[in-house]
Amino acid sequence: MQIALIARNTFRESVRDRVLYNLIIFALLMTVSSLFIGELAIGSEAKIIIDLGLSAMRFFGMLIAIFIGIQLVFKEIERRTIYSVLSKPVRRAEFVLGKFCGLALTLAINSGVMLLGLVVALLFLGGFSGSALGSVTALLPAAFLIFLELLVVTAVALMFSTISSPALAAAMAFLVYVIGNFSGLFRDMASSSESAVQRGILYALYYLLPNLANFNRIESAAHGIAVPLGESLQAALYAVIYCGVLLSVAVMVFERRDFK
């Protein structure tokens, strides 16, 4: 119950920061732009809409996850509202989880609005033809994977926010995001390394850092190839486990912080 209340308040704060409005404008622009794409890229309209739309969804979602995620705890401490919150029957774990769920709800609505704009644009261009419906079918699981990625990035940002200052937390979260998109390189480098120590370090980095490439299926969706259900379920399980580990670390750190 307390987690739901904190999540609702966090969502309201995000709305007051006008995060949603910018993305609603984006969705409308995506729909209107479909009128002109046909003149610029005959035969590739759906591919361009899906590619640009999902890339924008991923990019703007990442910015929201990091720059709002790092403020979730720090803002409460800076305003000293943390004292009134913790003076109530609210556990610190409930506070952290509520903040995470609130930002997750914000990201879900943002992603949903942007996805709706993409679907409308695709259907406007192709009507309800088989090709248009096929593009939408490929679009939906790719958008779902992007949302899972944003949840992982949110958990990363929230964990760092309990450890360090907002500026350092943002830098570390962004660094993890960039490296997470190329974490497969650590595995490839480890497999070709002749040093046992180097292999151990590279494999440790590969397994410790989030493998965000698992959630990027934009290219497949742009070519009308839907992500298999099994891969989507595996990615969802990976996201749940990874977020659970990060949130557990965030809770443990937050439990030990002294606000007196």
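Just so it is clear, none of the values below were taken in a lab; they were calculated from the coordinates. Note that the structure is a prediction, hence the values are computed from the model and not measured. Glycine gets a Cβ as well: all are built from the backbone with ideal geometry, and neighbour counts include every protein chain shown.
The table for this structure:
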{"item": "FRET efficiency for T137 and S84, using Cβ-Cβ distance with R0 set to 51 Å, rounded to 0.05", "result": "0.55"}
{"item": "Rounded if a/c under 1.5, otherwise prolate or oblate - the range 146-260, Cα gyration tensor axes", "result": "oblate"}
{"item": "Span from the the range 191-212 Cα centroid across to the the range 165-182 one, whole angstrom", "result": "19"}
{"item": "Paramagnetic reach from L175 (point 7 Å along Cα→Cβ, amide N under 12 Å) across the range 193-218", "result": "none"}
{"item": "Cα shape, the range 199-260, gyration tensor, a/c 1.5 rule", "result": "prolate"}
{"item": "Ordering of 175-183, 101-109 by burial proxy (mean other Cβ atoms within 10 Å per residue, highest first)", "result": "101-109, 175-183"}
{"item": "Relative contact order [Cα under 8 Å, 6+ residues apart], the range 67-198, whole percent", "result": "37"}
{"item": "Residue order, fewest to most surrounding Cβ atoms within 10 angstrom, among Y242, Y207", "result": "Y207, Y242"}
{"item": "Karplus 3J(HN,Hα) series, Hz, for the range 246-253 with 6.51 cos²θ - 1.76 cosθ + 1.60 (x for Gly, Pro)", "result": "5, 5, 5, 5, 4, 5, 4, 5"}
{"item": "In range of the label at F124: residues from the range 207-238 whose backbone nitrogen is under 20 Å from the point 7 Å along Cα→Cβ", "result": "222"}
